[in-house]
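The next block holds one structure in the form of structure tokens; read it before the comments.
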Amino acid sequence: MLNIVLFGPPGAGKGTQSEKLISKYGLIHLSTGDILRNEVALKTNLGMEAKKLMDQGLLVPDEIVIGMIENKIDAAKNAEGFIFDGFPRTTAQAESLDKMLLNKKTSISMMLALEVEEEELIKRLLKRGKDSGRPDDQNEDI
């Protein structure tokens, strides 16, 4: 199983690079941002709680994120592998991911770090905010 952690700040191009890796290797994309936005769109309790935090530019607590990721992995038992996009972000998340994958008899195959100058990130995020309507990407202070 090929499991890739794609690391980088918001706007670095993780989603764009994920699409290329998914196409080539048939992996499942696990983006914490996408998962959270889906919960918001569905207006679940988790989604509404997460929305308050995300609108302020804050991170959702580790235990919530870890649980969502594990649910997605369990739902895709026959996957060729996963791209973890935006996860793990904390030491606790990384340790939990390692334990979770060990229990599933797999591990992280590689980590790719995307680096982009801060000025370019701000430009990209503000543009993305206009295109997507995401409030967290429309506020330069966040």
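In region 32-73, what residues are open to solvent by 90 Å² or more (accessible area, probe 1.4 Å) and polar (S, T, N, Q)? Selection gives Asn45, Gln56, Asn71.
Taken over region 90-119, the residue count meeting the criterion of being touching a Ser or Thr at 6+ places or on another chain (Cβ under 8 Å) and either farther than 18 Å from Lys77 by Cβ or among the acidic types (Asp, Glu) (or both) is 1.
Restricting attention to region 99-142 and to residues that are at pLDDT below 90, farther than 21 Å from Ser18 by Cα and not aliphatic (A, V, I, L, M), the residue that is nearest to the chain's Cα centre (by Cα) turns out to be Asp136. In region 110-137, of all residues being open to solvent by 60 Å² or more (accessible area, probe 1.4 Å) and in a loop (DSSP other than H, G, I, E, B), the one that is farthest from Phe7 (Cα to Cα) corresponds to Glu117.
Looking only at residues of region 78-121 that are without any contact (Cβ under 8 Å) to a residue 60 or more places away in the chain and β-branched (Val, Ile, Thr), we find that the one that is nearest to Ala50 (Cα to Cα) is Thr90. Within region 1-20, residues that are touching a residue at least 12 places away in the same chain (Cβ under 8 Å) have Cβ atoms under 7 Å from residues that are open to solvent by less than 50 Å² (accessible area, probe 1.4 Å) and among the basic types (Lys, Arg) in these pairs: Leu6/Lys14; Gly8/Lys14, counting only partners at least 6 apart in sequence or on another chain.
A Cβ distance below 7 Å, combined with a sequence gap of six or more or placement on separate chains, defines the contacts here; from region 31-50, residues that are over 19 Å from Ala12 (Cα atoms) reach residues that are of a type in the set (Asp, Glu) and open to solvent by 30 Å² or more (accessible area, probe 1.4 Å) in the pairs Leu46/Glu39; Gly47/Glu39; Ala50/Glu39.
The values are calculated or read from the model by the stated rules, or taken from the named source; none is laboratory data. Owing to the predicted nature of the structure, the values given are computational and were not obtained by experimental measurement. Neighbour counts are summed over all protein chains in view; Cβ atoms, including those assigned to glycine, are modelled from backbone coordinates with ideal geometry. Protein only, heavy atoms only, side chains kept; ligands, DNA and RNA dropped before computing areas. Shrake-Rupley method; radii C 1.70, N 1.55, O 1.52, S 1.80 Å.
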